[in-house]
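One structure below.
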Ligand SMILES: Cc1ncc(COP(=O)(O)O)c(C=O)c1O
């Protein structure tokens, strides 16, 4: 603690967050929780939940698709929420539209299915991407576009040279789409926002996945102007779940082509005539009835984090992350061997509050991540294990070659055949084929309500459970995915 105070005197300036933890987030300590999964989900303040109850309890809100009073009341709040979101990202309503989706995945899916893919177009993806972005490749290749992945360095960052090489190979006035995360959900690495303009100057559109970035950083859409940005609001302030959005530049929106229509999206349609015309605005992308009782809660959430200040949240998370990284790197068995193997950026700059690593036993072997998951759960600690839906970062973290994971034609055929064999049906079989010593990493992540005490609890747990000990591997459940 003394060391911490000396290393980070500026932490004191974030003490308001300790007060909020004791009041608005007191359910964590009351329930004995050490919550270290903010990249999985943010947490709601009690006042957000009260605001929801007060609003829905004191008004009447109907389906927004008509003109009646209860419908208009819902429409007004939904439109206010759109404006609040644009203001939160400092975006001009002339330049950007907000399309409500169930989550960031829904936002990526809209781009995937509506982007004008065709033969000769390119989809450039960083190998560090969430599966909800990786999945875009299925639409792209389905329409004859080529997919190119930009590889990662040892610290799970992308070299500018590799990015430029990947972009350089596009051709035509609009060569295609670059999609990358502003912050990795695996390693916490922040990839430069300057790539947006770099790609645009090469003619590309850009989908910026800001799901893991915006809970602790401000995104200013007057400074960087990606064509598309994907957000999940529960990651920013915990509540509501089920509401995300696609921020879309209006010029790019007009180039999207929806492959279908549905309730809520059309200006007109004829059954006998067989024609339909979509609405000329963001509603064309919002299928069915919006989550109209929850969308106004996004305004409450935005007011909440704005009243604290995203900068203060970011500062606290950055300090706690730096301290955690130093402590984890310093954990040693009494034989002098390290207790952890960290993945991702070795430095403390340009990174968010997500840390991926494995514990090492006293002989230097990786501790099975399922044992960590079980032991942490027993200690009341919420963390994540596996590859966190980011297989690319996982493949690079574990040093898997392209060949090993079926990246060549022959190998792919072999892998397919192997999986038809009766002995090769489980995820554990797959991991054995790859020769992996463990099935994934351990991830801890910090956020708005994190305190130094959370970090200390986790470090105590780590020392108590793994220092000088071989892990107990009895009774570990089979892995269900990888
Ligand atoms: C960087 C990133 N992108 C996309 C997603 C997908 O978010 P959701 O599951 O809310 O759609 C996540 C979720 O963890 C994420 O961290």
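Matching residues to (1) in the same structural domain as residue 316 (by TED's automatic domain parsing); (2) buried (at least 24 other Cβ atoms within 10 Å of the Cβ); (3) within 16 Å of the ligand (Cβ to nearest atom):
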{"position": "211", "(1), (2), (3)": "no, yes, yes"}
{"position": "223", "(1), (2), (3)": "no, no, no"}
{"position": "241", "(1), (2), (3)": "no, no, yes"}
{"position": "246", "(1), (2), (3)": "no, yes, yes"}
{"position": "250", "(1), (2), (3)": "no, no, no"}
{"position": "259", "(1), (2), (3)": "no, no, no"}
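For the condition within 23 Å of residue 459 (Cβ to Cβ) and within 16 Å of the ligand (Cβ to nearest atom), what is the one hit in 11, 25, 38?
38
Are there any pairs, at least 6 apart or on different chains, whose C-beta atoms fall under 9 Å, with the first in the stretch 47-71 and without any contact (Cβ under 8 Å) to a residue 40 or more places away in the chain and the second outside any loop (DSSP other than H, G, I, E, B) and exposed (fewer than 12 other Cβ atoms within 10 Å of the Cβ), and if so, which?
So the pair list comes out as 60/69; 62/69.
Would you be able to tell me the number of residues in the stretch 93-114 that are surrounded by fewer than 18 Cβ atoms within 10 Å (Cβ to Cβ) and either under 17 Å from the mean Cα position of the chain (by Cα) or over 15 Å from residue 253 (Cα atoms) (or both)?
Looking only at that region, the number is 1.
Need the failing condition index for residue 141 against (1) under 23 Å from residue 185 (Cα atoms); (2) touching a strand residue (DSSP E or B) at 6+ places or on another chain (Cβ under 7 Å); (3) away from the ligand (no atom under 12 Å from the Cβ); (4) not in a strand (DSSP E or B), just the number.
With (1) under 23 Å from residue 185 (Cα atoms); (2) touching a strand residue (DSSP E or B) at 6+ places or on another chain (Cβ under 7 Å); (3) away from the ligand (no atom under 12 Å from the Cβ); (4) not in a strand (DSSP E or B) applied to residue 141, the lone miss is (1).
How many of the residues making up the stretch 104-125 are away from the ligand (no atom under 16 Å from the Cβ) and not in a strand (DSSP E or B)?
Counting residues in the stretch 104-125 that are away from the ligand (no atom under 16 Å from the Cβ) and not in a strand (DSSP E or B) gives 8.
Residue 40: part of a loop (DSSP other than H, G, I, E, B) and in contact with a strand residue (DSSP E or B) (Cβ under 7 Å, 6 or more places away or on another chain), yes or no?
Against the criterion (part of a loop (DSSP other than H, G, I, E, B) and in contact with a strand residue (DSSP E or B) (Cβ under 7 Å, 6 or more places away or on another chain)), residue 40 qualifies.
Say we look at the stretch 358-367 and pick out the residues that are surrounded by fewer than 22 Cβ atoms within 10 Å (Cβ to Cβ) and in contact with a strand residue (DSSP E or B) (Cβ under 9 Å, 6 or more places away or on another chain); which of these is nearest to residue 460 (Cα to Cα)?
Checked the stretch 358-367; the qualifying residue nearest to residue 460 (Cα to Cα) is 360.
Could you check how many residues of the stretch 144-171 are without any contact (Cβ under 8 Å) to a residue 40 or more places away in the chain and assigned to a strand (DSSP E or B)?
So the answer is 4.
Which of (1) closer than 28 Å to residue 322 by Cα; (2) more than 16 Å from the ligand (Cβ to nearest atom) is the odd one out, the single condition residue 168 does not satisfy?
The failed condition is (1).
Considering only the stretch 332-351, I want to know if a residue exists there that is buried (at least 21 other Cβ atoms within 10 Å of the Cβ) and over 22 Å from residue 462 (Cα atoms).
Checked against the condition, which is being buried (at least 21 other Cβ atoms within 10 Å of the Cβ) and over 22 Å from residue 462 (Cα atoms), the stretch 332-351 yields at least one hit.
For residue 356, are the conditions met, namely being in contact (Cβ under 8 Å) with a residue 12 or more places away in the chain and part of a helix (DSSP H, G or I)?
no
The values are calculated or read from the model by the stated rules, or taken from the named source; none is laboratory data. Keep in mind that what you see is a predicted model, and the values were worked out from it rather than measured. With ideal geometry, Cβ positions are generated from the backbone for all residues, glycine too; neighbour counts draw on all protein chains shown.
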